[in-house]
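The structure appears below as C-alpha cells.
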Amino acid sequence: MVGYCGFEDGISKLKQVTRCDHHAIQCYIVGVISGAVPHRFLIAVHTLVDFHYLTQAPIFTDHSLYRLMNALQLFHNNKDAVMQAGVRDTWEIPKLKLLQSVVSNIQHSGPVIQWSADATEHAHVQEVKVPAQLSNNQNYYDQITCYLDHSDKCFCFDVTTYFETHREGNPSEDDDNLEEEDDIELDFNNCSLHDHMNLPHLPLNYFVIANALACDSIPNALKPHCTFSNITTTFHLATKPSLHMTIDDAAILFKLPDLCPVIGEFLQCAQNHLNHPVSGVMSQDLCYPLPFNRIQIWYKIHIQQFLYHKAQDIDALQTLRALPPSGDHPHGLYDMVILSPSPDSDWPQQGIEGHVVAQLRLIFHPLDTDYFATYIQCFYVIMQLGNLGNVHPITGMHLLRRAMKSSVERLRSVVPISHICSPIHLIPEFDKEAHSCLTRESSCEFSNDFWLNKYWSKELYHTLSPLRL
C-alpha cells in the first residue's frame with residue numbers, strides 16, 4: 001500500500017489510458033489538486049467522483065439514491081467553474097448526458113454493478129484482436145473480413161452436421177452431456193447475471209482459521225498463534241519473523257530512540273488491564289525495566305475484513321508494511337491505519353468517530369510473552385465546525401495533522417496489533433504547489449498536513465462518507 005502512483009508527464013497528455021490508470025487518477029485527483037484550483041472547481045471534481053463511487057454500490061435505498069442525485073446536481077451547479085478556469089471549452093459530452101438516466105435505471109433494473117461488459121469485451125478479442133494477430137498486417141480490413149467469413153462458414157458447417165447426425169438418430173456422447181446440463185436448475189432469485197457469467201474467486205477465510213486456533217482445534221499449532229482476530233478484523237503474520245534482534249538494535253535500525261520506554265508504557269497498561277494510550281501521549285518518560293531484551297520483528301502483516309454492504313462476506317487479504325530505512329527506501333516504507341481504543345471496535349458503523357489515525361513504524365513480538373504489538377505515530381483530525389463528521393466542506397474528506405509532542409518530536413505509542421481496524425491511505429496537503437524537494441517516497445515523511453483519502457477503495461469510501469448508507 002505504501003507509496004504513490006506517479007505520472008512523470010502529468011495526466012493531461014495521457015493516451016491509451018488503461019483501467020489501472022483511470023483508477024489511480026480517480027483515487028488521487030481530489031486530494032492532489034485541492035489547493036491548486038478554485039473551490040467551485042474542486043467541488044465539481046469531487047462530486048463527480050462521488051457520483052462514480054455511489055453508482056457502484058451493490059445495494060441501494062431511497063436515501064442512497066437521493067445522495068446519488070444530489071452529487072450529480074452539485075456537479076452541474078459548479079461545472080461552469082471548470083470552464084472559467086480554461087480547462088474545458090464545452091460540456092457537450094455524450095457520456096456525461098447519460099448520467100442523467102442512472103438513477104431511473106437503478107430504480108427499474110437494480111444496481112449497476114450487477115451488469116458486466118465482459119461478454120462484449122471478449123467478443124472484441126475473438127472477432128478483432130485474434131484475427132489481427134493471424135494477419136500479415138497488410139490489407140488489414142480485407143483479411144479480417146475473410147477470416148470472419150471463413151469462421152462463419154465453419155460454424156454453419158458444424159451446426160448442419162450436428163443436426164444431420166441428430167436427425168439420423170445417432171446421438172453422440174455430447175448429446176448426453178447436453179441433456180445432463182439441461183437438468184440443472186439455476187436459482188435466479190439468489191444470484192445475478194454477473195454471478196452466472198463470472199466464476200467468483202473466493203479468498204481464504206482467515207476468520208475461520210483464527211477461530212479454530214483460539215479454540216485449540218488445530219493440534220500442535222505453534223504458540224503464540226500468528227493468526228488471530230477481533231470482532232471486525234483478522235490478522236495474519238508469517239510463522240518466521242523478518243528479524244530477531246535486541247530492542248536497542250531495533251531502535252537504531254528503525255530510528256526510534258524512545259522505543260524502550262514506550263514498550264515499558266505498553267507493558268504496564270497490559271499488565272494492569274488498562275486501555276492503551278492510542279493518542280500517543282505517554283503518562284511519563286521513565287525507562288521501565290523490561291523483563292526481556294530481544295524482540296521478533298515483521299516487515300509486513302496481512303489483515304482481512306468483512307465487506308461494508310455484505311457483512312457476512314469477507315474481503316480479500318490486504319498487506320500492511322513497516323520497513324526500515326534502506327538504500328532503496330531511505331525513508332522506509334510505513335503504512336497508515338485506523339486504530340480503536342479497544343479491540344471491541346464498532347468499526348465501520350460509526351466511521352472514524354472515536355478512532356485514531358496512525359502510522360505503523362514497527363511490528364514486533366517481545367520474546368517470552370503473548371503480545372503482538374506495533375509502534376505507531378499518531379495524527380489528529382482538524383475540526384471542521386458546522387460540518388457533519390468533521391469533513392472538509394470543499395473536498396468532502398477529513399483533514400489530518402501530524403501529532404507532535406514538541407516542535408521536533410512526534411507523538412507515539414505502542415498498542416496491540418488487535419486494535420487495528422483498517423488500512424487507510426493519506427495524501428499530503430500540497431496547497432497551491434508541492435515543494436520541489438518532495439518525491440513519492442519522501443512526501444509522506446516530510447509533510448505535516450494530510451487528506452484522509454476516502455477514495456482509496458470503495459469499502460473505505462462508504463465507511464468514511466459523512467452520510468453513510
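Multiply the residue gap between Met383 and Gln349 by 0.36 nm, knock off their C-alpha separation, and tell me the result in nm, one decimal place.
10.2 nm
Give me the dipole magnitude in Debye, nearest 20, for the chain about the Cα centre, with unit charges on the beta carbon: positive for Lys and Arg, negative for Asp and Glu.
Dipole magnitude for the chain comes out near 2780 debye.
Using the heavy atoms of the protein chains and a 1.4 angstrom probe, tell me the accessible area per residue for the chain in square angstrom.
58 Å²
Would you mind counting up the charge near Leu360? Only other residues with Cβ under 13 Å from its Cβ, with Lys and Arg at +1 and Asp and Glu at -1.
Summing Lys and Arg as +1 and Asp and Glu as -1 gives +3.
Extending each Cα 7 Å along its Cβ direction at Ser135 and Asp449, get the distance between those two points in nm, one decimal.
Inter-label distance under the simple model: 5.5 nm.
Rank-order 293-303, 310-320 by packing density, defined as the average count of other C-beta atoms within 10 Å over each peptide's residues, highest first.
Put in order of decreasing packing, that is 293-303, 310-320.
Computing the accessible area with a 1.4 Å probe over protein heavy atoms, can you report the carbon and sulfur percentage for the chain?
Carbon-and-sulfur percentage of accessible area, whole number: 55.
Based on the Kirkwood radius over alpha-carbon pairs, what is the Stokes-Einstein translational diffusion coefficient of the chain at 4 °C with 1.567 mPa s viscosity, in µm²/s?
Once the numbers are plugged in, D ends up at 49 µm²/s.
On a C-alpha basis, how far is the centre of region 347-400 from the centre of region 142-166 in Å? Whole number, if you could?
62 Å
Going by accessible area, probe 1.4 Å, with all protein chains left in place, what is the ranking of Trp115, Trp347, Trp91, largest first?
Accessible-area ranking of Trp115, Trp347, Trp91, largest first: Trp115, Trp91, Trp347.
Quick check on my link table: of Lys255/Lys454; Lys95/Lys432; Lys255/Lys300; Lys223/Lys300; Lys255/Lys405, which ones sit more than 24 Å apart, alpha carbon to alpha carbon?
Lys255/Lys454; Lys95/Lys432
Gain in length, Glu459 to Leu290, computed as 0.36 nm per residue apart minus the alpha-carbon separation, to one decimal in nm?
In short, 56.8 nm is gained.
Can you give me the relative contact order of the chain as a percent, contacts being Cα pairs under 8 Å and 6 or more apart?
17 percent
By how many nm would the segment from Gln26 to Ile113 lengthen if fully extended, with 0.36 nm per residue of separation less the alpha-carbon distance?
29.6 nm
Name the lysines eligible as straight-distance cross-link partners of Lys97: C-alpha to C-alpha under 17 Å, and not fewer than 8 places from it in the same chain.
Lys97 reaches Lys79.
Provide the solvent-accessible area of Cys20, counting protein heavy atoms only and rolling a 1.4 Å probe, rounded to the nearest 10 Å².
Cys20 has an accessible surface of roughly 100 Å² with all protein chains in place.
Given the -39500 (n - 2.57) contribution per DSSP H run of 4+ residues, what per-residue ellipticity at 222 nm results for the chain, rounded to the nearest 500 deg cm²/dmol?
-10000 deg cm²/dmol
Please arrange Leu400, Leu148 by accessible surface area, largest first, computed with a 1.4 Å probe and ligands excluded.
Of Leu400, Leu148, the descending order of accessible area is Leu148, Leu400.
Going by a ≥ b ≥ c, the root eigenvalues of the Cα gyration tensor, does region 403-469 fall in the rounded group (a/c under 1.5), the prolate group (a/b larger than b/c) or the oblate group?
Oblate, since a/c reaches 1.5 and b/c is not below a/b.
Can you give the relative contact order of region 312-469 as a percent, counting alpha carbon pairs under 8 Å and 6+ residues apart?
Here the relative contact order equals 22 percent.
The values are calculated or read from the model by the stated rules, or taken from the named source; none is laboratory data. Fair warning: this is a prediction, and the values are worked out from it, not measured in the lab. Cβ sites come from the backbone with ideal geometry, for glycine too, and all protein chains shown count toward neighbours. Heads up: the accessible areas ignore ligands, DNA and RNA and are worked out on the full protein's heavy atoms, side chains in. Shrake-Rupley method; radii C 1.70, N 1.55, O 1.52, S 1.80 Å.
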